[in-house]
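Engineer: Okay, handing you the structure first.
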Amino acid sequence: MKIKAAVTHGLGEDFKLEEVKLKEPREDEVLVKIAACGVCHTDAVARDLGITPFPVVLGHEGSGIVEKVGSAVKTVKPGDHVVLTFASCGQCENCLTGHSSVCLEFNPLNFGGRMGDGTNRIYQDNNAVSTFFGQSSFATFAVANERNVVVVDKDVDLALLGPLGCGIQTGSGTVINRLQPAFGSSIAVYGSGAVGLSAIMAAKIAGCKNVIAVDIHDSRLELAKELGATHTLNGSKVDVVKEIKDITNGGTHFAVETTGVPAVVKQSIHALRPLGQCAIVGITPEINFDVHNDIMAEGKTVMGVIEGDTVPKVFIPQLVEYYKKGQFPLDKLVKFYNFEEINEAFEDSKNGITVKPILKIS
């Protein structure tokens with residue numbers, strides 16, 4: 001079928017809305033009419049650093065309505081409202097033990113440009129176009145494997161839910177699934193973008209006593225306070241480590257680091273109390289640590305977390321329920337853009353004008 005998609009033809013190039021051909025779903029796949037798709041930093045990284053083959057249709061926070069299912073599909077049916085999430089093999093040890101975000105085939109399935117069977121679904125002028133995250137949701141329609149299609153409540157605005165497939169579940173899942181803070185514990189979240197603010201909302205749900213937001217933009221910090229932060233710190237104006245240790249009487253039990261800025265990563269570890277745990281979720285370059293003094297001598301843990309270590313088919317519907325109850329107001333993070341405004345949406349995200357842009361596609 002012919003569809004409209006935002007095609008990226010080369011490194012760092014703007015998105016171009018063009019006609020492409022989308023092949024029919026195979027037996028274990030689902031065809032989805034895309035309603036909306038979130039704009040995520042990972043899309044910008046793919047465009048600007050070339051982590052997936054060009055040309056490519058990016059987009060990996062899609063939401064939409066199921067049009068057609070393959071003959072072997074059992075958990076999804078036409079008419080279902082769905083969120084698309086990351087791809088996984090479903091067969092490796094990590095997938096089978098509930099950790100599909102670290103699937104042993106995660107990189108080829110999400111960044112390799114092809115579906116799990118090694119073939120392509122998108123073509124332009126008889127030439128293959130790469131698929132991203134097993135979905136490519138910057139398009140009017142997408143084909144995805146049944147495993148990365150999550151059915152959601154039809155009572156909630158479908159256009160709002162796409163970011164649950166990546167950025168929102170990354171922040172909230174890191175807190176709820178991986179760190180699992182005890183009631184009354186303390187946590188600092190570094191960076192108040194969509195991922196960090198999702199972590200803050202999750203920390204409030206978990207019952208953390210001190211939820212400390214760290215950023216350099218006062219507007220983001222104000223939003224963080226509205227969403228559940230008990231304290232906010234502007235890292236360009238104060239000594240973050242000292243302030244956190246004063247607030248918590250010795251340091252936080254937990255930290256979520258979303259910025260990927262080396263100096264901030266070190267702050268997140270230095271501001272932990274002994275036995276504290278820091279989850280790194282931002283794309284981070286090489287950093288030099290004093291392992292003895294920074295980590296080992298105080299029994300600290302530094303871990304990497306992908307996609308919030310979630311089981312999306314379980315966790316995403318849970319987030320929708322929290323939203324419906326007013327406990328997870330993700331609508332306060334977003335701004336909607338028309339599909340034709342995709343390049344503007346990316347610029348606004350880069351410049352901090354919009355926390356989480358969402359493209360309305362149909």
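The values are calculated or read from the model by the stated rules, or taken from the named source; none is laboratory data. Keep in mind that this is a model prediction, so the values were computed, not measured. Backbone-built Cβ (ideal geometry, glycine too); neighbour counts: all protein chains shown.
Engineer: Can you tell me which of VAL82, VAL45, VAL76, VAL57 is closer than 18 Å to GLY165 by Cβ and in contact with a Gly (Cβ under 9 Å, 6 or more places away or on another chain)? If you could, list the steps in order and put the result at the bottom.
Structural biologist: Values: VAL45 fails: in contact with a Gly (Cβ under 9 Å, 6 or more places away or on another chain); VAL76 fails: in contact with a Gly (Cβ under 9 Å, 6 or more places away or on another chain); VAL57 fails: in contact with a Gly (Cβ under 9 Å, 6 or more places away or on another chain).
Of the residues listed, the single one that is closer than 18 Å to GLY165 by Cβ and in contact with a Gly (Cβ under 9 Å, 6 or more places away or on another chain) is VAL82.
Engineer: Which residues, taken from segment 128-177, are surrounded by fewer than 21 Cβ atoms within 10 Å (Cβ to Cβ) and not assigned by TED's automatic domain parsing to the domain that holds GLU67?
Structural biologist: Listed by number, the list is empty, since nothing qualifies.
Engineer: From THR42, THR52, grab the single residue that is in contact with a Cys (Cβ under 8 Å, 6 or more places away or on another chain), of a type outside the set (A, V, I, L, M) and touching a residue at least 40 places away in the same chain (Cβ under 8 Å).
Structural biologist: THR42 is the lone residue from the list that is in contact with a Cys (Cβ under 8 Å, 6 or more places away or on another chain), of a type outside the set (A, V, I, L, M) and touching a residue at least 40 places away in the same chain (Cβ under 8 Å).
Engineer: What are the pairs with Cβ atoms under 9 angstrom where one residue, in segment 280-299, is touching a residue at least 40 places away in the same chain (Cβ under 8 Å) and the other, located anywhere, is surrounded by 11 or more Cβ atoms within 10 Å (Cβ to Cβ) and among the hydroxyl-bearing types (Ser, Thr, Tyr)? Sequence gap at least six, or different chains.
Structural biologist: Listed by first residue and then by second, the contacts come to VAL281/THR170; VAL281/THR174; VAL281/THR258; GLY282/TYR190; GLY282/THR258; GLY282/THR259; ILE283/THR42.
Engineer: While we're on this one: From the list SER268, SER236, pick out the single residue that is without any contact (Cβ under 8 Å) to a residue 24 or more places away in the chain and farther than 30 Å from VAL82 by Cβ.
Structural biologist: SER236
Engineer: Same structure again: Scan VAL302, VAL264 and give me the residue that is in contact with a helix residue (DSSP H, G or I) (Cβ under 9 Å, 6 or more places away or on another chain), in a helix (DSSP H, G or I) and not aromatic (Phe, Trp, Tyr).
Structural biologist: From the options VAL302, VAL264, the qualifying one is VAL264.
Engineer: Taking segment 234-247 as the search range and keeping residues that are under 29 Å from the mean Cα position of the chain (by Cα) and within 12 Å of ARG273 (Cβ to Cβ), which one is surrounded by the most Cβ atoms within 10 Å (Cβ to Cβ)?
Structural biologist: Among residues in segment 234-247 that are under 29 Å from the mean Cα position of the chain (by Cα) and within 12 Å of ARG273 (Cβ to Cβ), the one surrounded by the most Cβ atoms within 10 Å (Cβ to Cβ) is ILE244.
Engineer: Is there a residue being touching a residue at least 24 places away in the same chain (Cβ under 8 Å), surrounded by 15 or more Cβ atoms within 10 Å (Cβ to Cβ), of a type in the set (S, T, N, Q) and in a strand (DSSP E or B) anywhere in segment 6-14?
Structural biologist: yes
Engineer: Looking only at residues that are out of contact with any Ser or Thr (no Cβ under 6 Å at 6 or more places or on another chain) and of a type in the set (Ser, Thr, Tyr) in segment 141-182, which one is farthest from ALA46 (Cα to Cα)?
Structural biologist: Per the stated criteria, the residue is THR174.
Engineer: Tell me which of these LEU104 doesn't satisfy, since it passes every other one: (1) in contact with a strand residue (DSSP E or B) (Cβ under 6 Å, 6 or more places away or on another chain); (2) assigned by TED's automatic domain parsing to the domain that holds GLU19.
Structural biologist: Here LEU104 meets the rest and fails (1).
Engineer: On to the next question. Select from segment 318-341 the residues that are of a type outside the set (Asp, Glu) and more than 18 Å from the chain's Cα centre (by Cα) and write down the one among them that is nearest to VAL195 (Cα to Cα). Write out each step before concluding.
Structural biologist: Going through segment 318-341, the residues of a type outside the set (Asp, Glu) turn out to be 318-320, 322-330, 332-339.
Narrowing further to those that are more than 18 Å from the chain's Cα centre (by Cα): 324-327, 337-339.
Working: LYS324: 20, LYS325: 20, GLY326: 19, GLN327: 16, TYR337: 20, ASN338: 23, PHE339: 23 Å.
If we take residues in segment 318-341 being of a type outside the set (Asp, Glu) and more than 18 Å from the chain's Cα centre (by Cα), then GLN327 is nearest to VAL195 (Cα to Cα).
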